[in-house]
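Chemist: Pasting in a structure now, in structure tokens, and then I'll have a few things to ask.
Values quoted throughout were computed directly from the atomic coordinates according to the rules given, and no laboratory measurement underlies them. Predicted, not measured: the structure shown is a model, and the values here were computed from it. Cβ: placed from backbone, ideal geometry, glycine included. Neighbour counts: every protein chain shown.
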Amino acid sequence: MRKFKWKVVKTLGLETLVWNAEWASGRWDYLDSMKQDSLEIVRKYARNGRIVELGCGSGGLIDQVGVSYFSHYQGFDISRSAVRRARARNLERCEFQVGKMQEAAFGVADLIIVQEALFYLEESEQHALINKCVGRLSPGGAFYVTVHDASQFAPLIAAVRQSGKVMEERFVKADSNEFVHLVVSPERA
């Protein structure tokens, strides 16, 4: 049902409107409290370098990661409401921009993060964004993706795995689903 709903929303050009309404209503507030695995992984691969996060929401992840782990952070989200909240955090060395993740303009990064967002794109858009992200990594950089249901999004997980060398993969049982943390580097296995 979710996939059908988002296909209709995208076809009607209502993505931004829906995301703004959902962020403004507080539906996504729970994302501000990050899971320990996410914090550990970002801190491990940030290398005190440049971080790009696509689908950054209200900036909860980078706020909890802490400024000592990166030199510059650039976050993108489709929701003006989410970006407004992220900017209100007044985080050092952070900039937040409104825009679709597949259209985000960013340079070379040491860590690129897409948490719980790739599955909102069509398959061709997923592959294009994965390739763009892996292609923009600095030498030794990492692309970090999370998906809340390993079985439902198995083809997406496989596409991320195939985009580079798997550096780390964690499966965490969450309710009846298996949550996946996947980190790849641009170097092929």
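Chemist: Once amide H atoms are built 1.01 Å from N in the peptide plane, which residues 5 or more positions from residue 168, or in another chain, come under 5 Å H to H?
Modeler: Under 5 Å from the amide H of residue 168: 183.
Chemist: Taking amide H positions as placed 1.01 Å from N in the peptide plane, with prolines and chain starts having none, which residues 5 or more places from residue 113, or on another chain, fall under 5 Å of its amide H?
Modeler: 52, 53, 54, 144
Chemist: Listing 37, 175 from the residue with the fewest other Cβ atoms within 10 Å to the one with the most, what is the order? Please report the intermediate quantities before stating the final value.
Modeler: Details: 37 13, 175 8.
Ordered by Cβ neighbours within 10 Å, fewest first: 175, 37.
Chemist: OK, next. Points 7 angstrom from Cα along the Cβ direction at residue 151 and residue 43: gap in nanometres?
Modeler: Going from the residue 151 label point to the residue 43 one covers 3.4 nm.
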